[in-house]
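Asks: Here you go, one structure.
The values are calculated or read from the model by the stated rules, or taken from the named source; none is laboratory data. Since this is a predicted model, take the numbers as computed values, not measurements. Neighbour counts run over all protein chains shown; Cβ positions are idealised from the backbone, glycine included.
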Amino acid sequence: MSSLPSPICAIPRPNLRTIQRATMRYTWRGVLCNKNPFDLALYPMLLWKERPATILEVGSKMGGSALWLWDTCATFGINTRIVSVDINQRAEVDHPRIRFLQGDGRDLGATLSDEFMASLPRPLLVIEDADHHYLTTIGVMRFMDRHLRSGEYICIEDGICDSFGNEGNYDGGPNRAIAEFLDGRTDYEIDRHYCDYFGHNVTWNTNGYIRRLSPAEGRP
């Protein structure tokens with residue numbers, strides 16, 4: 001495995017639990033959103049800088065996250081299209097710029113064809129926010145690997161499970177998938193500007209703000 005920075009968040013576990021309880025109740029415009037205060041601050045900086053034409057979200061839940069992402073982009077004047085995929089699609093949001101699809105993160109090709117992916121306006125931002133399981137995260141990363149272009153981001157959510165000590169419930173979870181996927185790769189980087197903005201991995205996306213590099217940027 002590649003040697004990556006520790007995925008453990010600098011915030012002590014008792015404090016994390018307090019934040020997590022509130023995160024699991026958080027709503028946006030009355031729709032369950034489940035975003036924590038750190039990523040609610042980090043994502044807008046990323047959106048403003050990268051100005052994605054399409055956001056592809058894996059893991060919709062009730063649709064609150066997709067709605068918040070669109071509202072944030074609209075505030076910035078970004079005419080973003082959002083596609084949100086979930087294995088158990090139950091989104092409560094009806095919005096002309098958000099498309100909710102039923103699909104399995106472990107087999108995205110069954111839902112998102114190569115033709116569909118090629119048709120998406122760019123730049124693309126991918127957010128993997130499904131079931132925290134290693135197999136789902138690695139499946140999403142491998143699928144997106146052939147579609148991401150230089151400079152585009154894939155954000156892997158919920159690596160915070162390691163900081164709670166429950167990654168074993170998810171077969172190693174997102175951080176195992178990140179470490180395995182990046183092992184030996186020189187065409188991706190973990191963007192520490194976002195991961196460490198509030199302190200070492202003070203984000204629920206620990207080691208999870210990942211940028212595709214151009215060949216010229218690849219590490220030796």
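Asks: Given Arg106, Arg90, which one is exposed (fewer than 14 other Cβ atoms within 10 Å of the Cβ), farther than 18 Å from Tyr153 by Cα, of a type in the set (Lys, Arg) and modelled with pLDDT of 95 or more?
Replies: Of the residues listed, the single one that is exposed (fewer than 14 other Cβ atoms within 10 Å of the Cβ), farther than 18 Å from Tyr153 by Cα, of a type in the set (Lys, Arg) and modelled with pLDDT of 95 or more is Arg90.
Asks: Which of the residues spanning segment 142-175 are of a type in the set (D, E, K, R), in contact with a strand residue (DSSP E or B) (Cβ under 7 Å, 6 or more places away or on another chain) and within 16 Å of Val202 (Cα to Cα)?
Replies: Passing the criteria: only Glu157.
Asks: Hey, among Gly165, Gly159, which residue is touching a helix residue (DSSP H, G or I) at 6+ places or on another chain (Cβ under 9 Å), buried (at least 21 other Cβ atoms within 10 Å of the Cβ) and farther than 20 Å from Asn88 by Cα?
Replies: Checking each option against the conditions leaves just Gly159.
Asks: Would you mind telling me which numbered condition in (1) under 25 Å from Gly172 (Cα atoms); (2) assigned to a loop (DSSP other than H, G, I, E, B); (3) free of Cβ contacts under 8 Å to residues at least 24 places away in the same chain Lys35 fails?
Replies: (3)
Asks: Among the residues of segment 157-188, write down those that are in contact with a Gly (Cβ under 9 Å, 6 or more places away or on another chain), acidic (Asp, Glu) and closer than 14 Å to Met141 by Cβ.
Replies: Scanning segment 157-188 gives Glu157, Asp158, Glu180, Asp187.
Asks: Is it the case that some residue within segment 122-138 is surrounded by fewer than 22 Cβ atoms within 10 Å (Cβ to Cβ), under 22 Å from Leu47 (Cβ atoms) and more than 14 Å from the chain's Cα centre (by Cα)?
Replies: So far as segment 122-138 goes, yes, one or more of its residues are surrounded by fewer than 22 Cβ atoms within 10 Å (Cβ to Cβ), under 22 Å from Leu47 (Cβ atoms) and more than 14 Å from the chain's Cα centre (by Cα).
Asks: Shifting gears a bit: Need pairs with beta-carbon distance below 6 Å; first residue touching a residue at least 60 places away in the same chain (Cβ under 8 Å) and among the polar types (S, T, N, Q) and within segment 124-153, second part of a strand (DSSP E or B) and crowded, with 19+ Cβ neighbours inside 10 Å; sequence gap 6+ or separate chains.
Replies: Ser150/Arg212
Asks: Suppose the filter is part of a strand (DSSP E or B), of a type in the set (D, E, K, R) and over 22 Å from Thr206 (Cβ atoms); does Arg99 pass it?
Replies: It is true that Arg99 is part of a strand (DSSP E or B), of a type in the set (D, E, K, R) and over 22 Å from Thr206 (Cβ atoms).
Asks: Give segment 42-84 a look and list any residue that's in a helix (DSSP H, G or I), closer than 20 Å to Phe100 by Cα, out of contact with any Asp or Glu (no Cβ under 8 Å at 6 or more places or on another chain) and touching a residue at least 40 places away in the same chain (Cβ under 8 Å), or say none.
Replies: Trp68, Asp71
Asks: Take the residues in segment 36-46 that are under 21 Å from Met141 (Cβ atoms) and not acidic (Asp, Glu); name whichever of them is surrounded by the fewest Cβ atoms within 10 Å (Cβ to Cβ). Break it down stepwise before answering.
Replies: Quick first cut of segment 36-46, residues under 21 Å from Met141 (Cβ atoms) only: 39, 42-43, 46.
Add one more test, that the residue is not acidic (Asp, Glu), and what stays is 42-43, 46.
Numbers: Leu42: 22, Tyr43: 23, Leu46: 19.
Per the stated criteria, the residue is Leu46.
Asks: Considering each residue of segment 56-107, count those that are acidic (Asp, Glu) and farther than 18 Å from Val140 by Cα, and give that number.
Replies: Total meeting the criteria: 3.
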